[in-house]
Each structure stands twice: as structure tokens, then as C-alpha cells.
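Heads up: the structure comes next, in C-alpha cells.
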Amino acid sequence: MSNRVQLTKDGHRAYVEASEAVIGTDVDYAMLMKLYGTHENPDTRYSPGEVVGTEMHVKAGQPDPRHISTSYVGRQNLTMRMSMRRFTRLTNAFSKKGANHEAAVALHRSRRVP
């Protein structure tokens, strides 16, 4: 890559190992932890909690604080799930072969969006 990569992760431990294996450690990265409130109403105890704050932790390099956000990848994931049936939850439209899955993702990525 021609530019230094800035990476933001949430608190999921698997992301740390995966990103180091794929990208390496020569990146600027930070961890953004969302802090959730508790539910007072027992009818909503299984619903996601309300985000009451965030904590940013610099893990390597010098990431730009203005760009420490998980919103970018969250938006990309939602776009991919909404436009490709195989990525929606609880569906039977999955790829049986890795090559078919890879081809579907490549087609999605090559689409031009106005």
C-alpha cells in the first residue's frame, strides 16, 4: 500500500489476531469501546443496550483521533448484507463453496455506486 493504514477495532479479541495476521503490526490503530447502559424495563432486557459513551485507546502508531470510528466498516457491512442475500442473517441463500462466495463478493465490490 502506498499510504500508512489507520485501523479502528471494537473490543472483540478475535479482531486483534486477525488484523495482525492479515495486515501486520506496522499500522496506526486504535480501539473504540462502546459503553452500554442497563435496562430498567424487564420487557427490553434482551434488546441491545443504549450506548451511553465511548472510550478510545491508541494501540499502535499515531492514529488520527478524528478518524477513530467503527461507523465506516459498520456502514460497509450493512450495505453488503442488504445487497447480497448470502450475507443476510437467518437465510438459506448461502454459498456452499468458498469460490462461489468469493465470486459473489468480487461482483459486489466491482459494482459502481453513483
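The values are calculated or read from the model by the stated rules, or taken from the named source; none is laboratory data. Every value quoted in this text rests on a predicted model; they were computed, and no experiment measured them. Here the Cβ is made from the backbone with ideal geometry for all residues, glycine too, and neighbour counts use every protein chain on show. When the accessible area is computed, the model is the full protein with side chains, heavy atoms only, and any ligands, DNA or RNA have been set aside. Shrake-Rupley method; radii C 1.70, N 1.55, O 1.52, S 1.80 Å.
A few notes on this one:
- Each Lys and Arg contributes +1 and each Asp and Glu -1, all at the Cβ; summed about the Cα centre of the chain, the dipole is approximately 780 debye.
- Residues whose amide H lies under 5 Å from that of THR54, counting only those 5 or more places away or on a different chain, are LEU35; hydrogens are built 1.01 Å from N in the peptide plane.
- Local charge for MET56 was computed over the other residues whose Cβ lies under 12 Å away, with Lys and Arg +1 and Asp and Glu -1, and equals +1.
- The apolar share of the surface of the chain, taken as the fraction of accessible area on carbon and sulfur atoms (1.4 Å probe, ligands and nucleic acids excluded), comes to 52 percent.
- In terms of overall dimensions, the C-alpha atoms belonging to the chain reach 47, 42, 32 Å along their principal axes, ordered largest to smallest.
- A 1.4 Å probe over all protein chains sorts LEU107, LEU78, LEU7 by accessible area into LEU107, LEU78, LEU7, starting with the largest.
- Per residue, the accessible area of the chain comes to 83 Å², computed with a 1.4 Å probe over protein heavy atoms only.
- Solvent-accessible surface ranking, highest first, for ARG13, ARG109 at 1.4 angstrom: ARG13, ARG109
- Of all lysines in the structure, the ones whose alpha carbon falls short of 22 Å from that of LYS59, not counting any fewer than 8 places away in one chain, are LYS9, LYS34.
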